[in-house]
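Asks: Have a look at the structure that comes next, please.
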Amino acid sequence: MKVEKINAVITGGGSGLGEGTARVLKEKGANIFLIDLNEEKLKNISSELGCEYFVGDVSNPELMSEAVKNLENINCLINCAGIAAGAKIVSSRGIHDFNLFEKVLKINLIGSFNMLRLCADKMQHNSPNEDGERGLIINTASVAAFDGQIGQAAYSASKGGIVGMTLPIARELANHGIRINTIAPGLFETPMLTGMSEEVQQSLIATTLFPKRLGTAKEYGMLVNSIIANPMINGETIRLDGSVRLAPR
């Protein structure tokens, strides 16, 4: 697919990886539509990039159905919306809060599934390009899906679910000319990570082989652009992590 022919829905577009992806794709000529819960940030980014937006929770089926209902010729979805939460199963503070576990799965995993089913439904009616391609879906997992740390049970489960559903969905949607891939970022310069103390950030960076720094949202967007351009990348989960392997804690 040619990026200048992309009509992309980007969730989590108000900050972090979603914002970085929006900037990369917009610069290359794509049309973008942003979704996020943070209305103020979303308004600012959308105004700067000259694109439309919708404020809402990606895990809400009725609301997201309304968000994409009138969008025409959607041929790309990039799911970046997500949250992180740390909690041990048992500790001196008590047992892991059930509602917290459920909330993380609802936003990260169910939210991603909700958006991809709604957008795939619209993509199947697109006219195919020269490769027979009608659409592309890119989900965001995490290296925590493979080597999650202590306290990341909910987060790792949600991201592992995204990895696990990639291939079966790719097999199904191939019949409609729709590709699906997943990116599993490592340690990236996003609000999720920069909200941690400098000491914690440096200890995490120390485990990265090369380059020894946090990844940038632009670099995530660069990989999205590469996946868009290469039709043979399908049903794949790609680690984007500088060869980091997370320690147990």
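Each reported figure results from applying straightforward, stated rules to the coordinates on display, with no laboratory input. Because the structure is a prediction, the values reported are computed rather than measured. As a convention, Cβ positions derive from the backbone with ideal geometry for all residues, glycine included, and neighbour counts pool all protein chains shown.
Asks: Exactly one of (1) within 13 Å of the chain's Cα centre (by Cα); (2) closer than 25 Å to G148 by Cα is unmet by V9. Its number?
Replies: Only one criterion is unmet by V9, namely (2).
Asks: Please work out which residue is surrounded by the most Cβ atoms within 10 Å (Cβ to Cβ), limiting yourself to the range 182-202 and to residues that are part of a helix (DSSP H, G or I) and among the aliphatic types (A, V, I, L, M). I'd like the intermediate steps shown before the answer.
Replies: Within the range 182-202, the first condition is being part of a helix (DSSP H, G or I), and the residues that meet it are 191-194, 198-202.
Of the ones still in play, those that are also among the aliphatic types (A, V, I, L, M) are 192-193, 200.
Values: M192: 16, L193: 19, V200: 11.
Across the range 182-202, the extreme among qualifying residues is L193.
Asks: Test D147 against the stated conditions and say whether it is charged (D, E, K, R), touching a residue at least 60 places away in the same chain (Cβ under 8 Å) and either within 19 Å of M64 (Cβ to Cβ) or out of contact with any strand residue (DSSP E or B) (no Cβ under 9 Å at 6 or more places or on another chain) (or both).
Replies: Details: charged (D, E, K, R): yes; touching a residue at least 60 places away in the same chain (Cβ under 8 Å): yes; either within 19 Å of M64 (Cβ to Cβ) or out of contact with any strand residue (DSSP E or B) (no Cβ under 9 Å at 6 or more places or on another chain) (or both): yes.
Answer is yes for this residue.
Asks: Still on this structure, I have one more. Cβ-Cβ distance below 8 Å, separation of 6 or more or different chains: which pairs start in the range 201-225 with a residue that is in contact (Cβ under 8 Å) with a residue 60 or more places away in the chain and end on one that is part of a loop (DSSP other than H, G, I, E, B) and not hydroxyl-bearing (S, T, Y)?
Replies: Between residues of the range 201-225 that are in contact (Cβ under 8 Å) with a residue 60 or more places away in the chain and residues that are part of a loop (DSSP other than H, G, I, E, B) and not hydroxyl-bearing (S, T, Y), the close pairs are T216/E189; A217/E189; N225/K28.
Asks: Now for a separate question. So for the range 123-141 (the condition being surrounded by fewer than 22 Cβ atoms within 10 Å (Cβ to Cβ), farther than 29 Å from L63 by Cβ and free of Cβ contacts under 8 Å to residues at least 12 places away in the same chain), does at least one residue qualify?
Replies: So far as the range 123-141 goes, yes, one or more of its residues are surrounded by fewer than 22 Cβ atoms within 10 Å (Cβ to Cβ), farther than 29 Å from L63 by Cβ and free of Cβ contacts under 8 Å to residues at least 12 places away in the same chain.
Asks: Still on this structure: Can you list residue pairs whose Cβ atoms sit under 6 Å apart, with the first residue in the range 226-249 being among the hydroxyl-bearing types (S, T, Y) and the second being exposed (fewer than 13 other Cβ atoms within 10 Å of the Cβ)? Count only pairs 6 or more apart in sequence or on different chains.
Replies: From the range 226-249, the pairs are S243/L209.
Asks: Here is a check on your reading of the model: is A81 buried (at least 18 other Cβ atoms within 10 Å of the Cβ), part of a loop (DSSP other than H, G, I, E, B), over 21 Å from the mean Cα position of the chain (by Cα) and of a type outside the set (S, T, Y)? Steps first, please.
Replies: Values: buried (at least 18 other Cβ atoms within 10 Å of the Cβ): yes; part of a loop (DSSP other than H, G, I, E, B): yes; over 21 Å from the mean Cα position of the chain (by Cα): no; of a type outside the set (S, T, Y): yes.
Against the criterion (buried (at least 18 other Cβ atoms within 10 Å of the Cβ), part of a loop (DSSP other than H, G, I, E, B), over 21 Å from the mean Cα position of the chain (by Cα) and of a type outside the set (S, T, Y)), A81 does not qualify.
Asks: I'd like the full set of residues that are within 19 Å of A141 (Cβ to Cβ) and acidic (D, E), limited to the range 17-35.
Replies: Residue satisfying the conditions is E19 alone.
Asks: Look through the range 138-171, keep the residues that are of a type in the set (V, I, T) and within 13 Å of F113 (Cα to Cα), and return whichever of them is nearest to the chain's Cα centre (by Cα).
Replies: So in the range 138-171, the residues of a type in the set (V, I, T) come out as 138, 140, 143, 150, 162-163, 166, 169.
From what's left, within 13 Å of F113 (Cα to Cα): 138, 140, 162-163, 166, 169.
Working: I138: 7, T140: 3, I162: 10, V163: 11, T166: 13, I169: 16 Å.
That would be T140.
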